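The values are calculated or read from the model by the stated rules, or taken from the named source; none is laboratory data. Here the structure is a predicted model, which means the values were calculated and not measured. FYI the Cβ positions are ideal-geometry reconstructions off the backbone, even for glycines, and counts take in every protein chain you see.
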Amino acid sequence: MRPDPATRLRWFILRHRTGLTVWLVAVLLALVPLAVRNPYQLGLLNLIGIYAVAVLGLNLFIGYAGQISLGHAGFFGLGAYGSALLTVHGWLTPWPALLLTAALVAVLALFLGLPTLRLHGHYLAMATLGFNYIVHLVLVQWDAVTGGPSGISGIPPLGVAGFTFDTELRFFYLVWGGVLLGVTACLNLMRSGVGRGLAALAQDEVAAATLGVHVRREKVRVFVLSAVFAAVAGSLYAHYYHYVNPDGFSIFKSLDLVIMVVVGGLGSVWGTLLGVMVVTLLPYYLEFLEAYFDLIHGLVLVLILMFLPQGLVTGLWDHLRLTWARRRVAGRGEAS
């Protein structure tokens, strides 16, 4: 007996809920410029999209593989400066420069990850923090190449066949299209055998190894992947603002990226977008408390870690599911 149309529709939605969710979000994003016409507000959304690309990769490394990195602003900065140098000096056009920069950052992350990922916990955090400090120091001190504290200007915009993404609206569709591609890639990875291996690794490395997970190799792989995400985000940043300087790639930016992961929810891909939005917009909507912003910033993080340790989205979702489950159990008890 064939199921009725309503049952088949329900099965289809359950089976393809991830893809349908991505398409729904894509449609909603396509409609955003109809409601948000202010160039300043579109610019904030573009900045959120750029950070979202970087944080999606970092969330794979921290939230899903259970590792820690306090140096991803270094890869973010290398992506920005790589694209800037390759395009400003006329060696390459923007898209090849972006791809070449991402490939070079992947190689650097591989050589960095092979020795560094032997470390655990705060030792790994300090090693990645040291990497970020070195990158920032080079960007500041190597005036002949990086322009020193003054940075590099005149970076050309991205374009395709003569169509350039040189306005807030055009770049909005580009960057958020990239975010949706990143979301889709992360969701597919998490549902794959590799993703399940990473999840096992995050719980217990010894247990994961006994189940056949090559712990060191998988840690290096996800580290390189997260670095590539950060490098691509850095290139987008450079081609959007047409200017880069070292201030945006310090260790404090790395801390901001980690806070975005924590606020959004460890291991939550969709939560990542909300975490980036909250942390990015907070300074703009609390300008009247600028003198106390660092205190508020830290207080928000502490409160989330105390009451929602899995992050804002993941914690609230778990709380709602637990509440619904209790109500169902209570309802069954009353019915009996």
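Limited to segment 222-272, what total is found for residues that are hydrophobic (A, V, I, L, M, F, W, C), modelled with pLDDT of 90 or more and either in contact with a strand residue (DSSP E or B) (Cβ under 9 Å, 6 or more places away or on another chain) or not in a helix (DSSP H, G or I) (or both)?
Summing the residues that are hydrophobic (A, V, I, L, M, F, W, C), modelled with pLDDT of 90 or more and either in contact with a strand residue (DSSP E or B) (Cβ under 9 Å, 6 or more places away or on another chain) or not in a helix (DSSP H, G or I) (or both) in segment 222-272 gives 2.
To keep it simple, each residue is scored yes or no on (1) of a type in the set (A, V, I, L, M); (2) assigned to a loop (DSSP other than H, G, I, E, B); (3) under 30 Å from LEU198 (Cα atoms).
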| residue | (1), (2), (3) |
| --- | --- |
| GLY63 | no, no, yes |
| GLY77 | no, no, yes |
| TRP95 | no, no, no |
| ALA103 | yes, no, yes |
| LEU139 | yes, no, no |
| ASP166 | no, yes, no |
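Being in contact (Cβ under 8 Å) with a residue 24 or more places away in the chain and surrounded by fewer than 16 Cβ atoms within 10 Å (Cβ to Cβ) is the requirement here; does GLY154 meet it?
Details: in contact (Cβ under 8 Å) with a residue 24 or more places away in the chain: yes; surrounded by fewer than 16 Cβ atoms within 10 Å (Cβ to Cβ): yes.
Answer is yes for this residue.
In segment 149-202, which residues are farther than 30 Å from PHE223 by Cβ and of a type in the set (S, T, N, Q)?
SER150, SER153, THR164, THR167, listed by residue number.
Taking the condition among the hydroxyl-bearing types (Ser, Thr, Tyr), without any contact (Cβ under 8 Å) to a residue 24 or more places away in the chain and surrounded by fewer than 20 Cβ atoms within 10 Å (Cβ to Cβ), does TYR133 pass? Can you show your working first?
Numbers: among the hydroxyl-bearing types (Ser, Thr, Tyr): yes; without any contact (Cβ under 8 Å) to a residue 24 or more places away in the chain: no; surrounded by fewer than 20 Cβ atoms within 10 Å (Cβ to Cβ): yes.
Against the criterion (among the hydroxyl-bearing types (Ser, Thr, Tyr), without any contact (Cβ under 8 Å) to a residue 24 or more places away in the chain and surrounded by fewer than 20 Cβ atoms within 10 Å (Cβ to Cβ)), TYR133 does not qualify.
Residues checked against (1) surrounded by 15 or more Cβ atoms within 10 Å (Cβ to Cβ); (2) on the phi > 0 side of the Ramachandran plot:
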residue: PRO149; (1), (2): no, no
residue: ALA161; (1), (2): no, yes
residue: ASP166; (1), (2): no, no
residue: GLY177; (1), (2): no, no
residue: LEU187; (1), (2): yes, no
residue: VAL222; (1), (2): yes, no
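Are any residues in segment 160-186 hydrophobic (A, V, I, L, M, F, W, C) and farther than 11 Å from GLY49 by Cα, and if so, which ones?
Start the filter on segment 160-186 by keeping residues that are hydrophobic (A, V, I, L, M, F, W, C), which leaves 160-161, 163, 165, 169, 171-172, 174-176, 179-181, 183, 185-186.
Result: VAL160, ALA161, PHE163, PHE165, LEU169, LEU181, VAL183, ALA185, CYS186.
Hey, among the residues in segment 106-129 that are among the small types (Gly, Ala, Ser) and at pLDDT below 90, which one's farthest from GLN203 (Cα to Cα)? Walk me through how you get there before you give the answer.
Here is the first cut: in segment 106-129, the ones among the small types (Gly, Ala, Ser) are 106, 109, 113, 121, 125, 127.
Still in the list and also at pLDDT below 90: 113, 121, 125, 127.
Details: GLY113: 20, GLY121: 13, ALA125: 18, ALA127: 22 Å.
Ranking the candidates gives ALA127 first.
Quick grid of which residues meet (1) under 24 Å from TYR241 (Cβ atoms); (2) among the aliphatic types (A, V, I, L, M); (3) out of contact with any Pro (no Cβ under 6 Å at 6 or more places or on another chain):
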position: SER69; (1), (2), (3): no, no, yes
position: LEU119; (1), (2), (3): no, yes, yes
position: ASN132; (1), (2), (3): yes, no, yes
position: LEU137; (1), (2), (3): yes, yes, yes
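Read through the list (1) modelled with pLDDT under 80; (2) hydrophobic (A, V, I, L, M, F, W, C); (3) outside any helix (DSSP H, G or I), then give the number of the only condition that LEU14 fails.
That leaves (3) as the condition not met.
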